[in-house]
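One structure below.
The values are calculated or read from the model by the stated rules, or taken from the named source; none is laboratory data. Note that the structure is predicted; figures quoted are calculated from it, not measured. We place every Cβ from the backbone using ideal geometry, glycine too, and count neighbours over all the protein chains shown.
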Amino acid sequence: MTRLLIDSCEVVVTVDDAGTEIAGGSILVEDGTIAWVGTGDPPLKPDHRLDGRGTVATPGLVNTHHHLYQTLTRGRARDQGLFGWLVELYPVWARVDEEWERAAARVGLAQLALSGCSTTTDHHYVHPAGAGDLLAVEIDVARELGVRFHPCRGSMDLGERDGGLPPDSVVETTDDALAASEEAVRRFHDPSIGSMVRIAIAPCSPFSVTERLMRESADLARQLGVLLHTHLAETQDEERFCVERFGRRPLELMDDWGWLGPDVWFAHAVYLDEKDVRRVADTSSGVASCPSSNLRLGAGIAPVRSLVDEGARVGLGVDGPASNEASDLFGEIRQAMLVSRAMGPEGGLSEREALRLATRGGAEVLGRDDVGSIERGKRADVALFPVDGLDHAGASDVVAGLLMGRTQRARHLLVEGRFVVRDGRLASADEDEIAREGRRVAQRVASNA
Ligand code: ZN
């Protein structure tokens, strides 16, 4: 049994129910768990100390939507909306393989960790024939880097020939998609407290998936006790598609198909009207809001203020790097706050509310009550951000200065009490080597185009 004291932070932002912030606070970590939070001497003698001076401690950030494989296909279809962007990128993604997946996951997960993210999901829905064991590859990378991982076994079974958007070369049969989803849960899912890997089942979107796959995925997930995830109400294109094909708007469709509930979370949820927002909240469904991606693709602005006020579960997601152009979850806090104010100051999120979405909110979306806040008994997922440098000279409220200012690299990140980032560098991998390998494989991907 070893005890680590994170000693004398400028502020510990606990994100507990009361929103407690502790100036000069310290955190005692014992065997992967937070044993004590307070000021002064801890109740038990630590074996090691980590100097928290000059930092703000927050819960490790929780990312609720991502597509890691896209890390190697950035900067493409730059002036397109969602459908045009997808049509340009699907044929590129159709060539994904294990080498690509590994290099992309290493770059993406390293970037996330360095932005203070301790738990992330990934939504991998491109499984061309012969691509290899992509889910196993990314789980292996998450283990290497030490982040908590919730990969979603995504799927598409509605190709162009059946009226869907993706080319037929990137879709699976419905039966194959369901069998692979079940296999992923049986191989990798760990429901225990402190789990480092949990699987969700995640058909991609209303315009790339059949009704049968949606309905049977929901049945399967409920039978296996895992969560459900999909893209929803991202753009007006999608809404039009749903109305033309099914005579329903996206959220109405989910209601029809049994896709609302505490075991479901949606990426985006931009095009929700007031009734939809209440329905999401009343059914305890979750939302991964991805403001940077929504802006990059000109999708729109999600009604996050209303969702939060109605009591829905809401987290933040970076979304794939082909639409975000980064895997910077810390930066997404500021983005969420700024975007919420675009229509006027009344509906705006405060910087602390945006942090809550990126921590506790994300944990709630992923069905975890063991992470997301710095409280006794929670798993020891803690990010420490610097507030002693040039970027913060002049902030009277260091927490507000940190959250509202320029994005920061975490000085330290602990996951399950273990260092993932130490002194601003990855603790278990070589960042420069990851970057070199990422560039090499991205060049191969580009040259195959
Ligand atoms: Zn997405």
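List of remarks:
- Residue that is surrounded by the most Cβ atoms within 10 Å (Cβ to Cβ), among those in segment 313-324 that are more than 17 Å from Arg78 (Cα to Cα) and touching a Gly at 6+ places or on another chain (Cβ under 7 Å): Leu316
- Segment 211-268 - residue that is among the aromatic types (Phe, Trp, Tyr) and out of contact with any Asp or Glu (no Cβ under 7 Å at 6 or more places or on another chain) and, of those, farthest from Arg279 (Cα to Cα): Phe241
- Count of residues meeting criterion [over 18 Å from Ala312 (Cα atoms), within 16 Å of the ligand (Cβ to nearest atom) and either among the β-branched types (Val, Ile, Thr) or crowded, with 21+ Cβ neighbours inside 10 Å (or both)] in segment 222-266: 2
- Here no helices (runs of 4 or more DSSP H) wholly within segment 181-295 include at least 3 residues being touching a His at 6+ places or on another chain (Cβ under 6 Å).
- When each of Ser293, Ser327, Ser350 is tested for being touching a Gly at 6+ places or on another chain (Cβ under 9 Å), more than 28 Å from Thr33 (Cα to Cα) and of a type outside the set (Asp, Glu), the lone residue that passes is Ser293.
- Segment 315-348 - residue that is assigned to a loop (DSSP other than H, G, I, E, B) and of a type outside the set (Gly, Ala, Ser) and, of those, nearest to the ligand (Cβ to nearest atom): Asp319
- With respect to the conditions (1) free of Cβ contacts under 8 Å to residues at least 12 places away in the same chain; (2) in a helix (DSSP H, G or I), Thr71 falls short on a single one, namely (1).
- When we screen Ser208, Ser217 for residues that are within 16 Å of the ligand (Cβ to nearest atom), touching a residue at least 60 places away in the same chain (Cβ under 8 Å), among the polar types (S, T, N, Q) and surrounded by 24 or more Cβ atoms within 10 Å (Cβ to Cβ), the only hit is Ser208.
- Scanning segment 42-51 for any residue that is over 29 Å from Arg352 (Cα atoms), free of Cβ contacts under 8 Å to residues at least 40 places away in the same chain and either of a type in the set (Phe, Trp, Tyr) or more than 16 Å from the ligand (Cβ to nearest atom) (or both) turns up at least one such residue.
- Taking the criterion of being outside any helix (DSSP H, G or I), crowded, with 21+ Cβ neighbours inside 10 Å, more than 16 Å from the ligand (Cβ to nearest atom) and not β-branched (Val, Ile, Thr), the residues of segment 87-131 that qualify are Ser115, Gly116, Cys117, Ser118.
- Residues that are within 19 Å of the chain's Cα centre (by Cα), more than 13 Å from the ligand (Cβ to nearest atom) and among the hydroxyl-bearing types (Ser, Thr, Tyr) occur in segment 267-289; there is at least one.
- For the condition on the phi > 0 side of the Ramachandran plot and either within 14 Å of the ligand (Cβ to nearest atom) or in contact with a Pro (Cβ under 9 Å, 6 or more places away or on another chain) (or both), Ala202 does not qualify.
- Candidates are the residues of segment 76-104 that are out of contact with any Asp or Glu (no Cβ under 7 Å at 6 or more places or on another chain) and small (Gly, Ala, Ser); the one that is modelled with the highest pLDDT is Ala104.
- Figure legend. Inter-residue proximity from segment 375-404: first residues under 15 Å from Leu61 (Cα atoms), second residues basic (Lys, Arg), beta-carbon distance below 6 Å, spacing 6+ or different chains. Indicated pairs: Leu384/Arg411.
- Residue match in segment 301-309 (condition: surrounded by fewer than 23 Cβ atoms within 10 Å (Cβ to Cβ), away from the ligand (no atom under 14 Å from the Cβ), of a type outside the set (Ser, Thr, Tyr) and part of a loop (DSSP other than H, G, I, E, B)): yes
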